[in-house]
Amino acid sequence: MPQQSPLDLPPHDPFGPHNLPYGVFTPSDAPDLRRIGVRYGDHVLDAGAAAAAVGSPHAALLGQPTLNPLMAAGRPVWRAVREELRAWLTEPVHRPTIEPLLRPLTTVTLHLPFEVADYVDFYASEHHASNVGRIFRPDGEPLTPNWKHMPIGYHGRAGTVVVSGTPVVRPRGQLGAPTGRSTPGHSALPPFGPSLRLDFEAEVAFVVGTPSPFNTPVPLSGFHNHVFGVCLLNDWSARDIQSWEYRPLGPFLGKSFATSVAAWITPLDALAAARTAPPGRDVPLLPYLDDSAAEPGGLDLRIEVAVNGHPVSHPPFAAMYWTAAQQLAHMTVNGASLRTGDLFASGTVSGPEPHQRGCLLELTWSGRDPLRLPGGERTFLEDGDEVTLTAWAPGPDNSRVALGEVTGCVAPSTP
């Protein structure tokens, strides 16, 4: 029986022609030569080789070792390249040329697909922010007074954004307030060592393609012209380090040790059928954030979080209070410019139900209610634990659009 061609996908394959996410890979026979790839089923198309073989005007962009030049080219080019890719993979005339350029995913190594310029993490889930407020301020208001007036965010460290599959070393740092008594002439010191409260955060991230000029805010309507695509993100968090350091300036070393992103960037156009209205707003918004007359800015992404292969949560991205377009508008309203490769993330995605909470801090209520797993209980992550985020969104004609997974295994702390 002849072997099935990788071009002949099953109906409604979640990585079919309606999806076509971009990545960067090296084949086993050329491990030092990075190439732009496009995922198709369980194969990856060498996009640069395909473009050169058919004489595409975009061969130079697709022949690069990173997505940044393609991302910087702008939306008209993104759409033209996407149409070319779909034609190459689906039209019979291209089959003899394209089929040999598809490689099984099991035979390639995936890399961080773009050079990260800046990284901003938001706090856009009302359910997550409210739960965290109840945990840390049980006698106060769950949300701070500013929360419903603007998307809250902070700047992270671009240099520690790593691709899915990269081990995450347990960070070391100051773990809390000084304990014990001071001795004459010496004050008590904070405990120092490996984090004991290591956590994951299930998030969705957006990758900027087209830059913007300095002192030129990007309005809500500019979102599609600047954002190249979407990926899953795990913003690992050391809760003990974070809780000691964050007052008064916010997250720092408790977050900056590692942020994992998917190896595949899903184009915005692939998620057109997943657009949905955000939750109703009960506080009036300033004009630059008011999306009441705009196209629906939410995305219906269904996320699953698994620890050691066991599903522990199903956060719904459609429940996010602040949309990515609002986050981008707020991020630039002060005149801050965008650069190709900027990455901004949603913050932890959580829903209203206990099984929809997107981090262990919420799932275990700061360790009070241990999570029961086949391998034993967890309050926070142990060495050797592997966390995997997957997601899908509704696609055209009752299909599904899968997002590339994010996985990371906790490695022991290094001295």
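The values are calculated or read from the model by the stated rules, or taken from the named source; none is laboratory data. Keep in mind it's a predicted model, so treat the numbers as computed, not measured. No Cβ is skipped: glycine too gets one built from the backbone with ideal geometry, and neighbour counts run over all protein chains shown. Just the protein is used for accessible areas: all its heavy atoms, side chains included, with ligands, DNA and RNA removed. Shrake-Rupley method; radii C 1.70, N 1.55, O 1.52, S 1.80 Å.
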Practice problem: Highest first, please rank the peptides 229-235, 11-17 by the mean number of other Cβ atoms sitting within 10 Å of their residues. | Solution: 229-235, 11-17
Quiz item: Using a 1.4 Å probe on the protein chains only, how many percent of the accessible area of the range 346-395 belongs to carbon and sulfur?
Solution: 46
Self-check item: C-alpha center-to-center spacing [the range 385-399, the range 15-84] in angstrom
Solution: 22
Exercise. Starting from the exponent 0.38 and prefactor 2.2 Å, build the expected Rg for the range 255-401 from its residue count and divide its actual Cα Rg by it.
Key: 1.19
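Restricting to the chain, what percent of DSSP beta bridges are antiparallel, rounded to 5? Please list the in-between numbers first.
On the way: 62 of 70 bridges.
DSSP beta bridges in the chain are roughly 90 percent antiparallel.
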Quiz item: Regarding the range 106-177, what are the three Cα extents along the principal axes, ordered largest first, in Å?
Solution: 54, 32, 24
Quiz prompt | Whole-percent pair-distance distribution, where bins are 5 Å wide, for the alpha carbons of the range 1-144 | solution = 2, 9, 16, 18, 15, 10, 6, 6, 6, 5, 4, 2, 1, 0
Practice problem: From the C-alpha gyration tensor of the chain, pull out the three semi-axes of the equivalent ellipsoid (sqrt of 5λ each), sorted largest to smallest, in whole Å. | Solution: 38, 25, 20
Quiz prompt | For the range 169-328, alpha-carbon Rg and Dmax in angstrom | solution = 20.3, 68
Quiz item: Tell me, what % of the accessible area of the range 58-191 is carbon and sulfur with a 1.4 angstrom probe?
Solution: 56
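Give me the accessible area per residue for the range 270-403, probe 1.4 Å, as a whole number in Å². Can you show the working numbers first?
On the way: 5390 Å² over 134 residues.
I get 40 Å² per residue for this part.
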Quiz item: Taking a temperature of 20 °C and a viscosity of 1.002 mPa s, what whole-number D in µm²/s does Stokes-Einstein yield for the range 109-242 with Rh from Kirkwood over alpha carbon pairs?
Solution: 116
Quiz item: So who's got an amide H within less than 5 Å of the one on Leu371, skipping anything under 5 residues away but keeping other chains? H placed 1.01 Å off N, in plane.
Solution: Arg378, Thr379
Quiz item: Ignoring ligands, DNA and RNA, what percent of the accessible area of the range 222-282 is carbon or sulfur (1.4 Å)?
Solution: 60
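Using per-residue counts of other Cβ atoms within 10 Å, averaged over each peptide, order 81-88, 27-34 from highest down. Can you show the working numbers first?
Details: 81-88: 18.5, 27-34: 10.5.
Packing proxy ranking, top to bottom: 81-88, 27-34.
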Quiz prompt | Heavy-atom surface of the range 86-149, accessible at 1.4 Å and reported per residue (Å²) | solution = 52
Exercise. Would you please put 254-266, 153-165 in order of how densely packed they are, using the mean number of other Cβ atoms within 10 angstrom per residue and starting with the highest?
Key: 254-266, 153-165
Quiz item: With the radius of gyration and the Kirkwood radius both derived from the Cα set of the range 238-337, what is their ratio Rg to Rh?
Solution: 1.01
